[in-house]
Amino acid sequence: MNASLQSPASVPQLVLQQVHKSFGEYVALNSISLEVHSGEVLALLGPSGCGKTTLLRCIAGLLNPDSGSIAIAGDMVSGPGKNLAPEERYLGMVFQDYALWPHMSLRKNVAFPLEMRGVAPAERKRQVDWALDLVGLLSQADRAPGTLSGGQQQRVALARAIVGEPRLLLMDEPLSNLDRSLREQLALEIRELISALGLTAVFVTHDQQEAYALADRVAVLQDGHLQQLDNPRALFESPATPEIAEFLDIGSMLGGHCDEQGFIPDNGQNRLPLKARGGYRGRARLLLPRRALSLAPQESQMQHECVPAWVRTCLFQGERNLVKVALSDDVTLELTTDQTPAPGDQCGLRVDPEPLRGWGDDGRPLRFDHFQEALDTVTV
């Protein structure tokens, strides 16, 4: 890599401070502040309309924030009285729809940003060959983009993005146009390439699995607000709000009430043998991740360790089955298992309290434990 484009390790590669953007009365970004360090990959994750693409476009210089500042490798690129054009920010960009020139060969597509910078032909050829070789397409350099598969076209777009040795790589839904198996393969290739080159990258996605696979940290946006910034495992295991938990689709969410005998779900007479730590009593929302639930053997159903339930559906999903179990007519939970129960089967349901997360009516985070008194009073 060109050392002149790399920042000192002590300086964050990207710094956003109070970045705000509105379109009329609609607030797309509400005072976003975060840092991305050299060599780090950050995912901007959230549902449609949350502000993630708007934020990426502000970083790229395709949109100007209303207020706040953006610095790349220690250089202010957007702030009071200053907004550098995209070509002045030394960025690489990968788009959802590839954005390749159909009338140009792969070589000419990859060379285009170098031509715009006035790189000499000999050096331009060297850099283009290097980039195409990295993505495994040097032997096809003279082909037109339209003769390639979607995965190959995205590799060309990636080669074009890295050929200028950018200070920051930006990717907008880079895998969304590909089928699942190809998405997984290309995600691994992109991650390996970024790591090998020591690139700093920010990418937009609405796909949780893609964020987990590619990112060192994940920034979750909702309604223009930065709601949580964490590493993938911490985000998965401890979502900051019920809304984030529901978006991540980690498991089943129940509203209900915590009392001295357990957790009572809304619209159900059953009681889960769980007590909130710290003695919390009152309204709560309880997240039961799929990994926290398991089916007990038939002979264990009447033991105190199990909650009686019955199977609604069992869907084969390859390595595991997705099972929906009912605690009552109105309370259904999801889990994954190697077992293949039949709809209507009576079963025992074990609940591991350690992965459970909850939120009190006042928004406080809750954790839970089993307790024997509640186990003795479980009913359906």
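Sorted ascending by nearby beta carbons within 10 Å, beginning with the fewest, Leu327, Leu235, Leu193 become Leu193, Leu327, Leu235. Bridgeable aspartates and glutamates around Lys52 (alpha carbons under 14 Å apart, same-chain partners fewer than 8 residues away excluded): Asp172, Glu173, Asp207, Asp223.
Shown is the FRET efficiency for Asp362 and Thr337, computed with R0 = 35 Å from the Cβ-Cβ distance and rounded to the nearest 0.05: 0.50. Between Met116 and Glu237, the contour length at 0.36 nm per residue exceeds the alpha carbon distance by 39.0 nm. In this simple spin-label approximation, Lys108 and Gln18 carry label points 7 Å from Cα along the Cα→Cβ vector, and these lie 4.9 nm apart. When the chain is treated as a GNM with alpha-carbon contacts under 10 Å, the residue of Glu115, Glu334, Glu237 showing the greatest mean-square fluctuation is Glu115. When the chain is described by a simple charge dipole with +1 on each Lys and Arg Cβ and -1 on each Asp and Glu Cβ, the residue from Gly79, Gln96, Val41 located farthest towards its positive end is Gly79. For the chain, modelled as a GNM with alpha-carbon contacts under 10 angstrom, which of Thr147, Thr200, Thr337 fluctuates the most? For the chain, modelled as a Gaussian network with Cα springs under 10 Å, the answer is Thr147.
In debye, nearest 20: dipole of segment 12-242 around its Cα centre with unit charges on the Cβ of K, R (+) and D, E (-)?
Values: 20 positive and 26 negative charges, 111 e Å.
In debye, rounded to 20, segment 12-242 gives about 540.
Count Lys and Arg as plus one, Asp and Glu as minus one, and take only other residues whose Cβ is under 12 Å from that of Gln222; the net charge is then -2.
Here's the list of lysines a cross-link from Lys324 could span, going by alpha-carbon distance under 26 Å and ignoring same-chain residues fewer than 8 apart: Lys275.
Paramagnetic label reach from Leu315 (point 7 Å along Cα→Cβ; backbone nitrogen cut-off under 18 Å): within segment 234-278, residues 246-253.
For the pair Glu123 and Glu184, label points projected 7 Å from Cα toward Cβ lie 4.3 nm apart.
Quick one: net charge of Ala309's neighbours, Cβ under 11 Å, K/R +1, D/E -1? For residues surrounding Ala309, the net value is +2. Of all lysines in the structure, those lying under 20 Å Cα to Cα from Lys82, and not within fewer than 8 positions of it along the same chain, are Lys21. Annotation for segment 78-142 versus segment 230-252: alpha-carbon center distance of 37 Å.
Bear in mind that the values in this text are calculations on the coordinates, not laboratory data. None of these values were measured; they are calculated from a predicted model. Heads up, the Cβs are rebuilt from the backbone with ideal geometry, glycines too, and the neighbour counts pull from every protein chain shown.
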